[in-house]
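Please read the structure below before turning to the comments.
Derivation of every value follows stated rules applied to the coordinates shown; laboratory data play no part. The model shown is predicted, which means the values in this text are computed figures rather than measured ones. Using ideal geometry, Cβ is built from the backbone for each residue, glycine included, and neighbour counts are taken over all protein chains shown.
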Amino acid sequence: MGATPLPDAVVTRIAVALFDGAEELDFAGPWEVLAAWATQWPDDGVEAFTVASTTEPITCAKGLRVLADHTWETAPAIDVLVYPGGVGTRRELADQKVLVRLRELRDGGTLMTSVCTGAIVYAAAGLLRDRPATTYWGSLERLAELDPTIEVRPDDRFVDSGEIVTAAGVSAGIDMALHLVARLHSVERAREVRRYIQYDPEPPV
């Protein structure tokens, strides 16, 4: 008799969304954390990739041009989604195709996370109804206007409400991503990733 084949390894697929006008650090900060985890600890079974509506160049909020790894149609199944903010969210929250896609991902069991005004898009999609959430400090009122049922938490760097995790502005996405490492693996691993990227913030001003 032949040997019993080993089951396929379980892989946690983490997608970082890109779109025109996305704030650079909103996606690059979490990407650094999550990609560092995936590449430096491959036995953890984590895959990080970027996804967008196109594989053509995307121009971000400050002018950085990037290429996504996958389109939404060609991407593998997404276990965790990181959705950035930026000026482009003004267009995203009015795009029904975007909002339907987000609802479908949530309904399919994807862990939905956002950075900065990515939470505004989630609110427009109805994902934050009756949940605590946060966003960029300058958009907290907008978040409440979009959905008055949201418990807005202005002082939190990130808010984990179970199926959805929202982070405050820009650099808070790094904290949120480290929280994801701790949640999906362990606090020890999150500390190792933090050490690897030498993230120990002590603002000079």
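Considering every Cα-Cα pair within the stretch 98-180, what fraction, in whole percent, is farther apart than 19 Å?
26 percent
Relative contact order, percent, of the stretch 144-205 when contacts are C-alpha pairs under 8 Å separated by at least 6 residues? Walk me through the intermediate numbers first.
On the way: 38 pairs, mean separation 10.2, N = 62.
So the answer I get is 16 percent.
Check V165: other-chain or 5+ apart residues with amide H under 5 Å from its amide H, H built from backbone geometry?
Excluding prolines and chain starts, which carry no amide H, the hits are M112, T113, S114.
How long are the three semi-axes of the equivalent ellipsoid for the chain, computed from the Cα gyration tensor as the root of 5 times each eigenvalue, in whole Å, largest first?
27, 20, 18
Under 15 Å from a label point 7 Å along Cα→Cβ of R103: give me every residue in the stretch 80-94 with its amide N that close.
93-94
To test your reading of the geometry: what angle, between 0 and 90 degrees and rounded to tens, separates the Cα axis of helix 187-196 from the longest principal axis of the chain?
Between the helix axis and the principal axis of the chain, the angle is about 80 degrees.
Residues with beta-carbon under 13 Å from that of P154, excluding P154: net charge, scoring Lys, Arg +1 and Asp, Glu -1? Display every interim value, and only then the final one.
Details: positive: R142, R153, R157; negative: E141, E151, D155, D156.
Around P154, the charge tally is -1.
What relative contact order, as a whole-number percentage, does the chain give when Cα pairs under 8 Å and 6 or more residues apart are counted? Show your work: numbers first, answer last.
On the way: 416 pairs, mean separation 40.3, N = 205.
Reported as a whole number, the value is 20 percent.
Tell me what the chain gives for mean residue ellipticity at 222 nm when only DSSP H runs of n ≥ 4 count, each as -39,500 (n - 2.57), the sum divided by the residue total, rounded to 500 deg cm²/dmol. The partial results should precede the final answer.
Working: 7 runs with 70 residues, N = 205.
The helix contribution divided over the chain gives -10000 deg cm²/dmol.
Please give the charge dipole size of the stretch 161-205, origin at the Cα centre, charges +1 on K and R Cβ atoms and -1 on D and E Cβ atoms. Round to the nearest 20 debye. Spell out each step's value before the answer.
Numbers: 5 positive and 6 negative charges, 24 e Å.
Result for the stretch 161-205 is approximately 120 debye, rounded to the nearest 20.
Would you mind putting 10-18, 184-192, 124-132, 196-204 in packing order, based on average other-beta-carbon counts within 10 Å, highest first?
Per-residue Cβ counts within 10 Å, averaged per peptide and sorted highest first, yield 10-18, 124-132, 184-192, 196-204.
Could you tell me which of F49, T12, G86 has its Cα farthest along the dipole of the chain towards the positive end, charges placed at Cβ (Lys, Arg +1; Asp, Glu -1), taken about the Cα centre?
G86
Amide H neighbours of A61 under 5 Å, at least 5 residues apart or on other chains, H built in the peptide plane: list them.
The list, which skips near neighbours in sequence, is G21, A22, E23, E24.
Starting from 0.36 nm per residue, how many nanometres of slack lie between A94 and V11 once their C-alpha separation is accounted for?
Numbers: separation 83, 0.36 × 83 = 29.88 nm, distance 3.31 nm.
So the extension gain works out to 26.6 nm.
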